[in-house]
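A short worksheet on the structure shown next.
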Number of protein chains: 2
Amino acid sequence: MKSDLVLLGHGSGGKLSHELLDKLIVPILSGIEQREQNDAAVLAAVSGRLAFTTDSYVVDPIFFPGGNIGSLAIHGTVNDLAMAGACPLAISVGLIIEEGLAVSELTTILMSMRAAADSARVRIVTGDTKVVPRGKADKLFVNTSGIGVIAEGVEISGSNAQPGDKILISGTIGDHGMAVLASREGLDLASNIVTDSAPLNDLVQQLVDGLGCRLHALRDPTRGGVATTLKEIARQSRVEIILQEPTLPIDSAVASACAILGLDPLFVANEGKLLAFVAAEAAEQALSILLNHEFGRRAAIIGEVSAAAPGKVRLRTAVGGLRAVEMLAGEQLPRIC
Amino acid sequence: MKSDLVLLGHGSGGKLSHELLDKLIVPILSGIEQREQNDAAVLAAVSGRLAFTTDSYVVDPIFFPGGNIGSLAIHGTVNDLAMAGACPLAISVGLIIEEGLAVSELTTILMSMRAAADSARVRIVTGDTKVVPRGKADKLFVNTSGIGVIAEGVEISGSNAQPGDKILISGTIGDHGMAVLASREGLDLASNIVTDSAPLNDLVQQLVDGLGCRLHALRDPTRGGVATTLKEIARQSRVEIILQEPTLPIDSAVASACAILGLDPLFVANEGKLLAFVAAEAAEQALSILLNHEFGRRAAIIGEVSAAAPGKVRLRTAVGGLRAVEMLAGEQLPRIC
């Protein structure tokens, strides 16, 4: 690259665009030297049901402890596919770059995307790059879309939670949201908190293989946190969810930071955690699978499903009270993903 | 919707987000009343090669004569799939909204997206919505990704142009770029120019059905225009392309506006045109298919492929000269798509 900064002309479709693509974006993301310049990638023949997902990432700042907007975008899309019980097949990357972004920062982010894709064993197969003038975006927005293949017999859905199910979480809550917030605001009290951003497809594959049809629902509690995600599933499956507050795993630094800032960790975003709804008799096996996986070491059984009050989520507190959990109206932490 | 403007809280993942999705975005885009809240859409089983594409749209202004950012995004992704010879199957929509966008404008754009998808007979199956604070984006950015299925035996690629091929264009050049520019700059001289944005999948299907393996390459000349697109194909297929300038169809208003502004229409973006490379003996049949289709009424045979100077594009002018066509270095018209 001849320039240290991304210029408006890098989004023109002309020579500068081709230089940006051929010298930087395509070699890093795809691992191939010469791109096939077709408008669409052609994938090898597949057979089966497909999962298809998209997410745009506007996280501020674009670098935060433990990750950046690029790794976050890959993990997010891999996880959305995994939560449908799909094996990720291919990912697309759409970049909207604000003129003036340092090429060195873009390079770091692209390399993180590639590393994240490699670790999830998924290929980045197609992409698009736009550049907008200074002040018309905020450094970098990333869209990742993904295709996955769902194996025969796998039926995992947020509408499939059943009365009697146990609910597991794969680890501590609120890490990602607090890491981004601390980084954005320069909070010393939380400077040691690191995002949990991670690809969960391998963990999901182990659950699918181990539990079969006793695995009913999966969801990653991202924006809105564990509380909002459980509320969605309670509505979608028309069941009641009872959470046991003392069982919720939480990192002590996250708990302290939330307490000082007046934030409820139940509503803080996670980017490498899953909630699993499993038949009661499979709960211990599910817990064991999670605990033995690098991304499930602090997993716990945190609640159960009942038929009593469809659509409700309630939290049994440490002192034995039962408190209703509702969605927040608006924004607790903006631009967290 | 309780608010006339999109608020930051509409991107929070909480109650306001759910209201925006359930009351506006999902009913309009998908035509279903109650969304399945899973993170990924599950598509019916398919069998065959898939095409996969993504594009982000940052066009300024978001409304222009004959279209808006929403219809443009759907047409663009449908066309990218069609240029791979794929039948569009499903589209995802990622919205990045600047806080303060009028809900009425968003509604109009969403309705245009739905109408565009319906007319291309493709379903919008999944999406994502983010809201960023005022001044951190420019009204609305749209990402559309798409999946298509490629029928057996179809082998269309930008690397498949062959010496002897005739090159056809499906209509006039430069309409989209000039319509957006005129709208952005308030140019009276070009106020009657309308975008050519249109879905080309049906037209491509007719070419595929009619020409079979005599149809070698397809590409829609968007950013960078006809010149840049032909240069890409000349390089990719390692062939020379000779254009006959007098045969290039151009609307008289576009030609006048380009002349006054000093723009070369060969480099101005199109959003509803295709370039087709076909075996010489199939050229007349291809032209007839184009001319009989609503999106090909001003089609023409504009050039041919030779083996003489791989990677070169040359233009034979009206007076018989032969001029080299190169890509522009940077930006002729920024934010045109």
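The values are calculated or read from the model by the stated rules, or taken from the named source; none is laboratory data. Keep in mind the model is a prediction, meaning the values are calculated, not measured. So basically every Cβ, Gly included, is an ideal-geometry build from the backbone, and we count neighbours across all protein chains shown.
I'm told B:Ala198 meets every condition in (1) farther than 22 Å from B:Gly76 by Cβ; (2) among the small types (Gly, Ala, Ser); (3) within 18 Å of the chain's Cα centre (by Cα) except one. Can you identify the failing condition by its number? Among (1) farther than 22 Å from B:Gly76 by Cβ; (2) among the small types (Gly, Ala, Ser); (3) within 18 Å of the chain's Cα centre (by Cα), the lone unmet condition for B:Ala198 is (1).
Consider the range A:313-337. How many of its residues are surrounded by fewer than 18 Cβ atoms within 10 Å (Cβ to Cβ) and of a type outside the set (A, V, I, L, M)? Walk me through how you get there before you give the answer.
Keep residues of the range A:313-337 that are surrounded by fewer than 18 Cβ atoms within 10 Å (Cβ to Cβ), which gives A:316-324, A:326, A:329-330.
Cutting the leftovers down to of a type outside the set (A, V, I, L, M) gives us A:316-317, A:320-321, A:323, A:326, A:330.
Residues meeting the conditions: 7.
Evaluation of A:Gly158 against the conditions (1) at pLDDT below 95; (2) under 30 Å from A:Val6 (Cα atoms); (3) crowded, with 24+ Cβ neighbours inside 10 Å shows that the sole unmet condition is (2). Name the single residue, out of those in the range A:128-166 being charged (D, E, K, R) and at the interface with chain B (Cβ under 10 Å from one of its Cβ atoms), that is nearest to A:Ala117 (Cα to Cα). Only one residue tops the list, namely A:Asp128. Residues of the range A:58-83 that are at the interface with chain B (Cβ under 10 Å from one of its Cβ atoms) and outside any helix (DSSP H, G or I): A:Val58, A:Val59, A:Asp60. Only one entry in A:Glu304, A:Glu326, A:Glu281, A:Glu271 is within 21 Å of A:Asn79 (Cβ to Cβ) and either among the acidic types (Asp, Glu) or in the same structural domain as A:Leu218 (by TED's automatic domain parsing) (or both), namely A:Glu271. Of the strands (runs of 3 or more DSSP E) lying entirely inside the range B:158-248, those containing at least 1 residues that are within 15 Å of B:Ala276 (Cβ to Cβ) and small (Gly, Ala, Ser) span B:215-219.
Within the range A:115-127, if we keep just the residues that are surrounded by 21 or more Cβ atoms within 10 Å (Cβ to Cβ) and under 19 Å from the mean Cα position of the chain (by Cα), the residue that is farthest from the other protein chains (Cβ to nearest Cβ) turns out to be A:Ala116. Of the residues contained in the range B:13-23, none is found to be more than 9 Å from every other protein chain (Cβ to nearest Cβ), assigned to a loop (DSSP other than H, G, I, E, B), out of contact with any Asp or Glu (no Cβ under 7 Å at 6 or more places or on another chain) and within 30 Å of B:Ile336 (Cβ to Cβ).
Select from the range B:13-46 the residues that are of a type outside the set (A, V, I, L, M, F, W, C) and touching a residue at least 12 places away in the same chain (Cβ under 8 Å) and write down the one among them that is surrounded by the fewest Cβ atoms within 10 Å (Cβ to Cβ).
B:Gln34
Could you grab me the full set of residues in the range B:195-223 that are out of contact with any His (no Cβ under 9 Å at 6 or more places or on another chain) and over 16 Å from B:Ala161 (Cα atoms)? Of everything in the range B:195-223, those that are out of contact with any His (no Cβ under 9 Å at 6 or more places or on another chain) and over 16 Å from B:Ala161 (Cα atoms) turn out to be B:Asn201, B:Val204, B:Gln205, B:Asp209, B:Gly210, B:Arg223.
Summed over the range A:225-254, residues that are touching a helix residue (DSSP H, G or I) at 6+ places or on another chain (Cβ under 7 Å) and more than 18 Å from A:Arg323 (Cβ to Cβ) total 3. Residues being away from chain B (no Cβ under 13 Å), under 30 Å from B:Asp128 (Cα atoms) and touching a residue at least 40 places away in the same chain (Cβ under 8 Å) are entirely absent from the range A:319-332.
For B:Pro199, the conditions (1) at pLDDT below 95; (2) within 19 Å of B:Pro88 (Cβ to Cβ); (3) not basic (Lys, Arg) are fulfilled apart from (1). Exactly one residue out of A:Gly76, A:Gly85, A:Gly66, A:Gly100 is at positive phi and buried (at least 21 other Cβ atoms within 10 Å of the Cβ): that is A:Gly85.
Of all residues in the range B:227-277, exactly one satisfies the criterion of being away from every other protein chain (no Cβ under 14 Å) and at positive phi, namely B:Gly262. Scanning the range A:84-110 for residues that are among the acidic types (Asp, Glu) and away from chain B (no Cβ under 12 Å) yields one hit, A:Glu105.
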